Amino acid sequence: MGGSFRGRNALLIGVVLASYPALMGAALYPLPWVFVILVPVSYAAELALPPQATERLGRLQLAATLRFLMREMAAVLLLARTAGAESPWFALLAGGLFLFHWLRAAQSALATYLNRCHNLKPVATRNLDVTFPPAPPETLVNWRGARLLYLDVLPVGMTAFGALTGKDWLGAAGAAGALALEAAAVLALSVHVWRAAPLADRRRVIATVDRQVRAYRPEVLLYFSGPADSAYQATMWLGTLERIASRVLVVLRERELLAALGKTTLPVLCIPSAVDMMNFRGLDTARVTLFASNVGNNIHMLRMPGVTSVFIGHGDSDKEASFNPFTKVYDEVWVAGPAGRDRYRRARVGVRDEAVVEVGRPQLDGVLPTGPGLPYPSVLYAPTWEGWTDDLFHTSVAAMGPTLVRELLALGVRVIYKPHPLTGHRSATAREAHGAITRMLRDAGLGAAAPPHLVVTGDEPHLYECFNQADLLISDISSVIADFLASGKPYAVTNVAGLPEREFRERYPTAAAAYLLGPDCGELPGVVSRVRPEDDVLAEARRELRSYLLGPDHPDALTRFDEAVTAARARADAGDAGKSLATAGDEVA
């Protein structure tokens, strides 16, 4: 696959490079009919060039502007050879192309300025009543620089057709058309530049947003930083935070997260700059900050005094992320149930037992205890990703995923495949296995009598909706297991390394009530049969494990979470009061 991709790139580069001398030769000879054939071929090859090939040509001093200029020069030479250099149409075409590039530079400058004003503001928001000048249409802002070069198809193409038909004026008419489009874009952008004047003042933008945040008076912050494909880690908490009594503000650090974050009614603030974030006074009323992941940018919020820092993570599991040594920097660590507390005790990573608070998993309220009621079993295969290390047994996708899905299809069950969003992010082997599974399920669903298999690689349907559509879960060691236990339905865990059963269950407590699947998937028929209640021998074990992993059913998890937030706010307020009393005592002394 990689070799064919490189071969295609080489072919496209060869066509692009060969088209320019060929166009020049057709212009000088002159051969208008050859020129007419070569022009669309040249543009098509240019359009098909992937970014890697374009970058390679740039390194060879053949950047896009130079390539397009060569094609334009060939068109000018063609008109000179067919109409004569003394023709007024020759002068108009050459002058028009010169003005075209001058206007292109002006349009690119205005579009870049507006992009900076609207899309690179020092502070961006959602669901906050902040009024800024409206942004121009995306087309006006995004079509700049090299993209605008393709407008020269009008003068180049019409010059070629004019040379073939003897209508020398067509090239100048094409140049006039390109200039008219550019002039209209420059005029429209100029209006938006005038409107965007308030956005040019960085301090004014920050002050405007700061006033609105101060008016909201946030009490709790959900702080998140990371790439766009990790936004799910924060999104999973939005529904819960919308339902608690405290006023919550979501604080993001990367611009791309603002669009990637899920739907919410909560106000959202994005502050990319560390300096701006640490000096943003609208956050001063907050007394609790919730952290969904361990990242370096957390330090900017952790430095704020008078705020109780709480690590809530993005799911409890037996993986290292659920007992990361970094977690000891937070004032408190909130886990779902006693299992989370025991993980930190066993790991001895510096997290104090009194800092651990059991709050349940309030996101699981909508998980149902029954399956979809189909005439055939419905199996959810939800593996984790390959992780940041080279542990070959982190995910089952590469080692046994295709075999597992093939065997499930042979058993006549419905398969719902929902891989981790980062599957294939690091490992080419996992990426290829994921592709094989996807193709297998797509092909299996072509038959009229086939169950409606489902591949879920986007946000919808949500993982918990997939739980409700399944009679059985098959997963790796991950937080998916603990969450699925809320349903009470049977689940299987992949034993990718082929560890002895006792050792596997001792190492991974979340597998204590699981049916295990070895690398060859030989246990699969028996595991699938466990969806029948009379054959499900681990039902009672799952009930006990559910309490251990997720905590008690009463009070419900949302109530416990809300009470934990209120208690953390009270501790932060008490700490501030204590500091004030100490300060007053020092002054009296």
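Read-outs: derived from the displayed coordinates by stated rules, not from any lab. Just so it is clear, the model here is predicted, and its values are computed rather than measured. Virtual Cβ from ideal backbone geometry, glycine too; neighbours counted across all protein chains shown.
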Fewest to most Cβ atoms within 10 Å: ARG345, ARG414 sort as ARG345, ARG414
Length gained if GLU354 through ASP520 is fully extended, taking 0.36 nm per residue and subtracting the Cα-Cα distance, is 55.4 nm
What spacing in nm lies between the two simple spin-label points modelled at ARG507 and THR131, each 7 Å away from Cα in the Cβ direction?
-> 6.2
By how many degrees, between 0 and 90 and to the nearest 10, does the Cα long axis of helix 64-83 differ from the longest principal axis of the chain?
-> 20
Honestly segment 366-550 on the Cα gyration tensor test (a ≥ b ≥ c root eigenvalues; a/c under 1.5 rounded, otherwise a/b vs b/c for prolate or oblate) is just rounded
Compute the relative contact order of segment 2-199 as a whole-number percentage, counting only Cα pairs closer than 8 Å that sit 6 or more residues apart in sequence.
-> 25
Could you tell me which of VAL34, VAL405, ASN298 has its Cα farthest along the dipole of the chain towards the positive end, charges placed at Cβ (Lys, Arg +1; Asp, Glu -1), taken about the Cα centre?
-> VAL34
Subtracting the Cα-Cα distance from 0.36 nm times the residue separation, let me have the gained length for ALA410 to ASP229 in nm, one decimal.
-> 61.8 nm
Footprinting proxy, ARG361, ARG255: sorted fewest to most Cβ within 10 Å, the residues are ARG255, ARG361
Any idea how far apart VAL191 and ARG255 come out in nm if each label point goes 7 Å out from Cα toward Cβ?
-> 2.5
Linear extension gain, ALA570 paired with ASP443, 0.36 nm per residue minus alpha-carbon span | 40.0 nm
The chain: angle of helix 397-410 to the longest principal axis, Cα-based, in degrees nearest 10 = 80
Once you charge only the Cβ atoms, +1 for Lys and Arg and -1 for Asp and Glu, what is the size of the charge dipole of segment 366-550 about its Cα centre, to the nearest 20 debye?
-> 240
Quick calc, THR112 & GLU432: beta-carbon distance into FRET formula, R0 41 Å, rounding 0.05, result 0.55
Is the chain best put as rounded, prolate or oblate by its Cα gyration tensor, with a ≥ b ≥ c the root eigenvalues, rounded for a/c under 1.5, and otherwise prolate when a/b is larger than b/c, oblate when not?
-> oblate
With a Förster radius of 25 Å, plug the Cβ-Cβ distance of SER246 and LEU302 into 1/(1 + (r/R0)^6) and report the FRET value to the nearest 0.05.
-> 0.80
Looking at the chain, how many pairs of lysines come closer than 22 Å at the Cα, when each pair is eight or more places apart or spans two chains?
-> 5
If we count other beta carbons within 10 Å of each Cβ, what is the order of LYS263, LYS121, LYS167, fewest first?
-> LYS263, LYS167, LYS121
Would you mind classifying segment 234-377 by shape? Square roots of the alpha carbon gyration tensor eigenvalues, ordered a ≥ b ≥ c; an a/c under 1.5 is rounded, otherwise it is prolate if a/b is larger than b/c and oblate if not.
-> oblate
Counting pairs of alpha carbon atoms under 8 Å apart in space and at least six apart in sequence, what relative contact order in percent does segment 217-360 give?
-> 21
Measuring from label point to label point, each 7 Å out along Cα→Cβ, what is the ALA146 to LEU69 span in nm?
-> 1.6
Kindly express, to the nearest 10 degrees and within the range 0 to 90, the angle between helix 202-216's C-alpha long axis and the longest C-alpha principal axis of the chain.
-> 30
Out of residues 5 or more away from LEU222 or on other chains, whose amide H comes under 5 Å of its own, with H placed 1.01 Å from N in the peptide plane?
-> LEU249, VAL250, VAL251, LEU290
Give the long-range amide H neighbours of GLU523: residues separated by 5 or more places, or on another chain, with amide H under 5 Å away, using H modelled in the peptide plane at 1.01 Å from N.
-> GLY518
First measure r as the distance between the Cβ atoms of ASP556 and LEU11, then evaluate 1/(1 + (r/R0)^6) with R0 = 60 Å and state the FRET efficiency to the nearest 0.05.
-> 0.45
How high is the relative contact order of the chain, given as a whole-number percent (alpha carbon pairs under 8 Å, six or more residues apart)?
-> 11
